[in-house]
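Shown next, in structure tokens, is the structure this report addresses.
The values are calculated or read from the model by the stated rules, or taken from the named source; none is laboratory data. Just so we're clear, the structure is a prediction, and the values are computed from it rather than from any experiment. With ideal geometry, Cβ positions are generated from the backbone for all residues, glycine too; neighbour counts draw on all protein chains shown. To get the accessible areas, we keep the full protein, side chains included, count just its heavy atoms, and leave off ligands, DNA and RNA. Shrake-Rupley method; radii C 1.70, N 1.55, O 1.52, S 1.80 Å.
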Amino acid sequence: MPAFLIDTDPARLDLDLVHRFLSEQSNWARGIPRATLARAIAHSLCFGGYLEGTQIAFARVVSDCATFAYLADVFVLPEHRGRGYARRLLASVMDHSELQGLRRFSLATSDAHGLYAGFGFAAPRRPQSLMERYEPDIYQK
Ligand SMILES: CC(C)(COP(=O)(O)OP(=O)(O)OC[C@H]1O[C@@H](n2cnc3c(N)ncnc32)[C@H](O)[C@@H]1OP(=O)(O)O)[C@@H](O)C(=O)NCCC(=O)NCCS
């Protein structure tokens, strides 16, 4: 099996591939403009997963690198799923030196709770204390 390598070098990311997946196949960022994604990536800590130099996985962390982080845009390309790559990507995120000692690490997921539960994520203890401004269809307008 080819080695699965993970790194956070933004220059190595395949923006075309990440944009294609998120804008065409994801159920949360469908239609996201390429420039919006490029701007999000520029202001995030991004993790790329590579097989023989080709990107097949992605995760993006928005953080102050001290107290809080938000995990977003996690995916493994469909043909590479079920081989533990998301788990390994998540392990890299959780082990990253800039993401230690955080008071809160948040994410939103519609159906991958089991994946994140393995890394200590759980439903908010006090959901009534959380608020958000949410425009899920913003890229469709
Ligand atoms: C979710 C996703 C990243 C998992 O990638 P993967 O490489 O196939 O996952 P892994 O092989 O590392 O295994 C993930 C583990 O989480 C579990 N899991 C929980 N929810 C899951 C889900 N919705 N999809 C896939 N696995 C899920 C799996 O059962 C597996 O556990 P197991 O090894 O005990 O069986 C991938 O299916 C994907 O890209 N889905 C589309 C995008 C998406 O939904 N991203 C999550 C946004 S929050």
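Report the semi-axes of the equivalent ellipsoid for the range 96-141 in whole Å, largest first, where each axis is √(5λ) for an eigenvalue λ of the Cα gyration tensor. Numbers along the way, then the final one.
Numbers: eigenvalues 105, 43, 40 Å².
The answer is 23, 15, 14 Å, longest axis first.
Using a 1.4 Å probe and ignoring any ligands, DNA or RNA, find the accessible area of Thr8 and quote it in Å² to the nearest 10.
50
Under the Karplus relation 6.51 cos²θ - 1.76 cosθ + 1.60, θ = phi - 60°, what is the ordered set of whole-Hz ³J(HN,Hα) values for the range 60-69, x standing for Gly and Pro?
In residue order, the calculated couplings are 10, 10, 9, 7, 8, 6, 9, 10, 8, 8 Hz.
For the range 1-119, what is the accessible area per residue in Å², given a 1.4 Å probe and the full set of protein chains? Write down the numbers at each step before the final one.
Working: 6530 Å² over 119 residues.
Heavy-atom SASA per residue in the range 1-119 reads 55 Å².
Can you tell me how much longer the chain between Arg104 and Val62 gets when fully stretched, taken as 0.36 nm per residue apart minus their C-alpha distance, in nm with one decimal? If you can, show how the numbers build up before the last one.
On the way: separation 42, 0.36 × 42 = 15.12 nm, distance 1.20 nm.
Extra length available between Arg104 and Val62 comes to 13.9 nm.
Could you grab the relative contact order for the chain? Cα pairs under 8 Å, six or more apart, rounded to a whole percent. Can you show the working numbers first?
Details: 176 pairs, mean separation 29.6, N = 141.
Reported relative contact order: 21 percent.
Share of antiparallel DSSP beta bridges in the chain, in percent to the nearest 5? Write out the running numbers ahead of the final one.
Values: 17 of 21 bridges.
Percentage antiparallel, nearest 5: 80.
Scan the chain and hand back the longest stretch that contains none of the GluC sites (Glu not before Pro) lying in DSSP loops with at most 13 other Cβ atoms within 10 Å.
On the way: sites that count: Glu52, Glu132.
Answer - 53-131.
Spelling out what I want: for every residue of the range 45-59, take phi, set θ = phi - 60°, compute 6.51 cos²θ - 1.76 cosθ + 1.60 (Karplus), and round to whole Hz; glycine and proline get x.
9, 10, 10, x, x, 10, 10, 6, x, 9, 6, 10, 8, 7, 8
Give the carbon-plus-sulfur fraction of the accessible surface of the chain in %, rounded to a whole number; probe 1.4 Å, heavy atoms of protein chains only. Provide the component values of the computation, followed by the final result.
Details: 4530 of 9030 Å².
Within the chain, the accessible surface is 50 percent carbon and sulfur.
Scan the range 101-141 for chymotrypsin sites (Phe, Trp or Tyr not before Pro) in coil per DSSP, keeping those whose Cβ has at most 14 other Cβ atoms within 10 Å, and list them by number.
Phe119, Tyr134
Using every Cα-Cα pair within the chain, state what percent have a distance larger than 26 Å. Please report the intermediate quantities before stating the final value.
Working: 2267 of 9870 pairs.
Looking at the chain, the distances longer than 26 Å represent 23 percent of pairs.
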